[in-house]
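Below is one structure, written out as structure tokens, with a few remarks after it.
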Amino acid sequence: MGNKKTKKVIIDCLKCTNQSDCCKLGAWIDLDEAKKIISLGIKGDFFHLEKDEAFPSGFKVGTSYEDEQCGFLDPDGLCRIHKVDYAFKPVTCKEFPYEDNKIAPIASVLCTLHKSGIKKNKKKRG
């Protein structure tokens, strides 16, 4: 059996010209992170509290309603949480487009750099 080595994809968000694209559908964040953000008084809302053992508190909450953009995204396309204090930016947001040290499945929809890499690879093959 052959060993296929897969090259780890590295995404440099600083090279992205559309940095708010990944906020188009909001994010799932840990309930404890949401509580800290609420304590800062940052304008925005949370939706859909759900039990989820994958999150440290055992609960997750969404930063958007249905498929709308993140409620913490300013009209200028910047994160209100990040503007106040990067330390309070949710882990899922800091780590995107990665999830469990791999490219997140939703990255092919939201991540501009990842999508452009997919298109380049398809052109090379075809």
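Every read-out reported here was derived from the displayed coordinates using simple, explicitly stated rules and does not represent laboratory data. Bear in mind the structure is a predicted one, so any value in this text is a computation, not a measurement. With ideal geometry, Cβ positions are generated from the backbone for all residues, glycine too; neighbour counts draw on all protein chains shown.
Where in segment 27-67 are there trypsin sites (Lys or Arg not before Pro) that are in a DSSP coil and have at most 13 other Cβ atoms within 10 angstrom of their Cβ? Walk me through the numbers on the way to the answer.
Numbers: sites: K35, K36, K43, K51, K60; in loops: K43.
Here the trypsin sites (Lys or Arg not before Pro) that fit, given the DSSP loop and packing criteria, are K43.
Could you please report the charge total around G77, scoring K, R as +1 and D, E as -1 over all other residues with beta-carbon less than 13 angstrom from its beta-carbon? Don't jump to the answer; show the numbers that get you there.
Details: positive: K24, R80, K83; negative: D21, D74, D76.
Result for the neighbourhood of G77: 0.
What dipole magnitude, in Debye to the nearest 20, does segment 21-89 give about its Cα centre under +1 on Lys/Arg Cβ and -1 on Asp/Glu Cβ?
Numbers: 9 positive and 14 negative charges, 58 e Å.
Dipole of segment 21-89, to the nearest 20 debye: 280 debye.
Residue farthest toward the positive end of the dipole of segment 4-74, with Cβ of Lys/Arg at +1 and Asp/Glu at -1: which of L49, S39, L73?
Of L49, S39, L73, it is L73.
Can you spot the aspartates and glutamates whose alpha carbon is less than 12 Å from K35's alpha carbon? Ignore those fewer than 8 places along the same chain.
D45
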